[in-house]
Each structure stands twice: as structure tokens, then as C-alpha cells.
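Engineer: Take this structure first; my questions come after.
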Amino acid sequence: RDYIPWLQAEIVRLTLEKNNLLLLLIGKQQQQQQQQRALASDRDKQVVNKLKQTLTLSINEVKIGELIIQICQQKGKLDHKFSALIETLEGEDIQIIGASCICVSEDRSCFRLHVQRWSAPYIY
């Protein structure tokens with residue numbers, strides 16, 4: 001019977017120790033989760049920044065000798081080169097049927113060119 005109070009005290013001590021260890025473990029897990037979320041957030045921001053800097057190009061053939069070209073890029077990257085591109089195309093026996101620029105977001109622009117070779121026949 002003398003051992004019962006000792007066992008009860010030992011059970012209480014071990015229970016408290018277990019609870020403290022669980023709290024420590026939970027705290028470490030939460031800290032690791034926060035660090036992982038922060039790292040994931042940083043990676044997401046890096047991916048978004050790379051996507052913003054990425055040039056996208058699509059070319060669609062309307063008919064033989066006639067194309068619609070769309071170039072999207074981060075604002076300011078192509079602005080000054082667009083007119084040079086038009087001049088180069090015109091020098092290559094290519095007629096510019098239409099050209100436009102549109103801001104698709106606050107930091108991204110799309111340039112559209114509708115071009116046709118001068119020598120291509122008009123087919124309607």
C-alpha cells in the first residue's frame with residue numbers, strides 16, 4: 001500500500017512529461033509547417049515572376065501566306081522593339097494588314113500582327 005501513492009505520483013509525473021513532450025512536438029511541427037509555407041510562398045513568387053518575364057508567342061495561319069502573330073511579354077520589354085519588328089517585316093516583302101498592342105494586365109502587354117506576303121494571292 002505504500003507503493004500506491006508513489007505509483008500515483010509517478011503516473012502524474014510521467015503524464016505531465018508526456019504532455020510537455022507532446023506540446024514541444026506540436027510546436028516544432030507547427031514551426032516546420034510555417035517554414036514550409038513560407039518557402040512555398042517564396043517559390044510561388046519566384047515562379048510568378050518568371051512567368052511574368054516569359055515571352056509567349058502564338059502564330060495562326062489564316063490562309064496561305066497570311067498569318068496572325070501574337071507576342072505577349074512583360075510590359076516595357078517589347079515596346080521599343082515592336083516598331084523595329086514591323087520595319088523588318090516590311091523590308092522582307094511582308095505586308096502589315098493590321099497591328100495592335102493591348103495591355104492585358106498592369107504588367108503584361110500583347111502585340112498582335114496580321115501579316116501577309118506581298119506575293120501571296122488574295123483569296124476570298
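Engineer: If amide H atoms are built 1.01 Å from N in the plane of the peptide, which residues on other chains or at least 5 residues away come under 5 Å of the amide H of Q95?
Structural biologist: It is Q116, R117, W118, by chain and number.
Engineer: Moving to a separate point now. Given Cβ point charges of +1 (Lys, Arg) and -1 (Asp, Glu) and nothing else, what value in debye, to the nearest 20, does the dipole of region 54-117 about its Cα centre take?
Structural biologist: 180
Engineer: If you wrap a convex hull around the alpha carbons of region 54-117, what volume per residue comes out, as a whole number of Å³?
Structural biologist: Value for region 54-117: 72 Å³ per residue.
Engineer: Here is a follow-up. Cβ neighbours within 10 Å, averaged per peptide: list 14-25, 64-75, 98-109 in order, most packed at the top.
Structural biologist: Ranked from most to least packed, the peptides come out as 64-75, 98-109, 14-25.
Engineer: For K75, what residues show an amide H to amide H distance below 5 Å, using hydrogens built from the backbone and excluding near sequence neighbours?
Structural biologist: R108, S109
Engineer: Between N49 and Q8, 0.36 nm times their residue separation minus their Cα-Cα distance comes to what?
Structural biologist: 8.7 nm
Where a number appears in this text, it was derived from the coordinates with a stated rule and is not lab data. Since this is a predicted model, take the numbers as computed values, not measurements. Reconstructed Cβ throughout: ideal geometry from the backbone, glycine too, with neighbour counts over all protein chains shown.
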